[in-house]
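Chemist: To start, I am sharing the structure in question, which I have written as structure tokens.
Every read-out reported here was derived from the displayed coordinates using simple, explicitly stated rules and does not represent laboratory data. Values in this document were obtained by computation on a predicted structure and should not be read as measured data. No Cβ is skipped: glycine too gets one built from the backbone with ideal geometry, and neighbour counts run over all protein chains shown.
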Amino acid sequence: ASGVIAFIGLGNMGGPMAANLVRAGYRVQAFDLAEPALAAARDAGVTVATDAGEAARGADVVITMLPAGRHVLSTYSGGLLDAAPAGALFIDCSTIDVADARKAVEAAHAAGKRALDAPVSGGTTGATNGTLTFMVGGADADVDAARPVLEAMGRKIVHCGGSGAGQAAKLCNNMLLGIQMIGVAEAFVLAESLGLSQEALFEVSSTATGQCWALNTNCPVPGPVPTSPANRDYQGGFAVALMAKDLGLATTALDAGGLGSPLGRLAAQVYGDLATTDRAGQDFSTVINVLRERTAT
Ligand code: NAD
């Protein structure tokens, strides 16, 4: 391998991920539609290309970090697959529809390339610090080939299964997380109405059967966990808009599988509504604030 990586999509996640690849010693050839993203990447030592195809020329590995499935599919078919050398390894790190992920892999295989889906969790902090978790779908040999590259951007790489399994793991986890946060928030709202202190509920539930990340780490009320976003007016953390996006993808998958999943669907609706308000940019634990409003009406 010549150690050349193409990187398409230098946004909030892709920008710092590409910078970590440069730090690890790779030559990174990158492209983004947005000029400010290109300028920041240049400052980080990335070689900026004039389009996606140029970025892929001579690359062993082609990484995409784009908003949605349609961007990945149109970029793949719009020159990226053709421009990369035969056998190049395509790694899509975007969070996209499972069906789109499988389509992207099929298109890559048809073009004589190798391909993986490898969405991430860990947010912009994880992207910056190189501590992301990668959930990877694809063939064993391809995952092994991707591992050193992914390790330059992340701390944990989980091979979840065949094509689409990485996206599937991401959707299932985030549906669980979205439901759990609403459950935790509802428990705090009920405690308030019963005159039970937040501290007492936390002390009991965080060590008893109600414990979960949404309570123990990302506690939606200020106080019990001083580092949780609730202590800084829900700034930072995992934005409502991103949770709404992931639950929209989960809903699509539920429909495709003919599954009822009432709580997953309700969670998608709750965060979807919240994403249309001025709380869209806040950490998703801010959902407790609308649950309070709803009980008041
Ligand atoms: P972002 O909007 O900050 O970045 C996306 C970038 O893609 C933008 O810079 C945009 O200009 C560029 N782009 C769009 N279409 C393009 C094209 N055709 N060619 C080249 N560049 C193009 O988004 P982000 O926060 O970096 O998220 C990227 C992906 O990662 C999304 O799928 C998101 O769901 C997922 N994700 C985000 C987070 C997070 O905390 N931000 C966490 C986990 C996963």
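Chemist: If amide H atoms are built 1.01 Å from N in the plane of the peptide, which residues on other chains or at least 5 residues away come under 5 Å of the amide H of GLY154?
Modeler: Here the answer is LEU132, since their amide H atoms fall under 5 Å of that of GLY154.
Chemist: Per-residue counts of other Cβ atoms within 10 Å, averaged by peptide: what ranking do you get for 60-68, 128-136, highest first?
Modeler: Values: 60-68: 22.9, 128-136: 21.1.
My ranking of the peptides, most packed first, is 60-68, 128-136.
Chemist: To the nearest whole percent, what portion of all C-alpha pairs in the stretch 168-296 is separated by more than 26 angstrom? Working shown, then result.
Modeler: Values: 1607 of 8256 pairs.
Here the long-distance tail beyond 26 Å is 19 percent of all Cα pairs in the stretch 168-296.
Chemist: Determine the gain in length on full extension of the stretch ARG70-ALA141; use 0.36 nm per residue of separation and subtract their C-alpha separation, reporting nm with one decimal. Each step should come with its number before you reach the end.
Modeler: On the way: separation 71, 0.36 × 71 = 25.56 nm, distance 2.72 nm.
Extra length available between ARG70 and ALA141 comes to 22.8 nm.
Chemist: Compute the distance from the alpha-carbon center of the stretch 182-255 to that of the stretch 87-160, in whole Å.
Modeler: Using only Cα atoms to place each centre, the spacing works out to 29 Å.
Chemist: Can I ask one more? Largest first, please: the extent of the C-alpha atoms of the stretch 200-266 along each principal axis, to the nearest Å.
Modeler: Computed over the Cα atoms, the extents are 41, 28, 13 Å.
Chemist: Mind checking which of VAL158, THR209, THR75 is farthest towards the positive end of the chain's charge dipole, using Cβ charges of +1 (Lys, Arg) and -1 (Asp, Glu) about the Cα centre?
Modeler: Result: VAL158.
Chemist: Taking the beta-carbon count within 10 Å as an exposure proxy, list GLU192, GLU35 from fewest neighbours to most.
Modeler: Neighbour counts put them in this order, fewest first: GLU35, GLU192.
Chemist: Sticking with this one: Is it possible to state the helix-based mean residue ellipticity at 222 nm for the chain, with each DSSP H run of 4+ residues giving -39500 (n - 2.57), the sum divided by total residues, to the nearest 500 deg cm²/dmol? What is it?
Modeler: Details: 13 runs with 146 residues, N = 297.
Value at 222 nm, helices only, nearest 500: -15000 deg cm²/dmol.
Chemist: In addition: For the chain, set up a Gaussian network in which alpha carbons nearer than 10 Å are linked by springs, and say which option among ALA145, ALA169, ALA56 fluctuates the most.
Modeler: So, out of ALA145, ALA169, ALA56, the one fluctuating most is ALA145.
Chemist: Let me ask another. Suppose each label sits 7 Å from its Cα in the direction of the beta carbon; what would the ALA256-SER77 distance come out to in nanometres?
Modeler: Label-label distance for ALA256 and SER77, simple model: 1.6 nm.
Chemist: Pull up the cross-link candidates among the lysines for LYS103, meaning alpha carbon to alpha carbon under 24 Å and not fewer than 8 places away within one chain.
Modeler: Within the straight-line cut-off, LYS103 pairs with LYS113, LYS170, LYS245.
Chemist: Give, in nm to one decimal, the length gained when the segment between ALA86 and GLU186 is fully stretched (0.36 nm per residue of separation minus the Cα-Cα distance).
Modeler: Details: separation 100, 0.36 × 100 = 36.00 nm, distance 5.33 nm.
Gain on extension, ALA86 to GLU186, equals 30.7 nm.
Chemist: With r as the distance between the Cβ atoms of TRP213 and THR47 and R0 = 41 Å, compute the FRET efficiency 1/(1 + (r/R0)^6) and round to 0.05.
Modeler: In this case the efficiency is close to 0.60.
Chemist: A further question on this structure: Taking springs between alpha-carbon atoms closer than 10 angstrom, which of ALA59, ALA141, ALA108 fluctuates most in the Gaussian network model of the chain?
Modeler: ALA141
Chemist: Can you tell me the alpha carbon radius of gyration of the stretch 4-162 divided by the globular rule-of-thumb value 2.2 N^0.38 Å?
Modeler: Details: Rg = 13.7 Å, N = 159, 2.2 N^0.38 = 15.1 Å.
Here the Cα radius of gyration is 0.91 times the empirical estimate.
Chemist: Hey, another quick one. Kindly write out, for the stretch 171-178 in residue order, the coupling ³J(HN,Hα) from the Karplus curve 6.51 cos²θ - 1.76 cosθ + 1.60 (θ = phi - 60°), rounded to whole Hz, with x marking Gly and Pro.
Modeler: These are the phi-based 3J(HN,Hα) values: 5, 5, 4, 6, 5, 4, 4, x Hz.
Chemist: Moving to a separate point now. Mind checking the full-extension length gain between GLU35 and LEU194? Use 0.36 nm per residue of separation minus the Cα-Cα distance, one decimal, nm. Before the final figure, lay out each step's value.
Modeler: Numbers: separation 159, 0.36 × 159 = 57.24 nm, distance 5.36 nm.
That works out to 51.9 nm of additional length.
Chemist: Which three extents, in angstrom, do the Cα atoms of the chain have along their principal axes, listed largest first?
Modeler: Largest to smallest, the principal-axis extents are 65, 43, 33 Å.
Chemist: Would you mind telling me which residue in GLY210, GLY123, GLY272 has the biggest mean-square fluctuation in a Gaussian network model of the chain, where springs connect alpha carbons within a distance under 10 angstrom?
Modeler: GLY210
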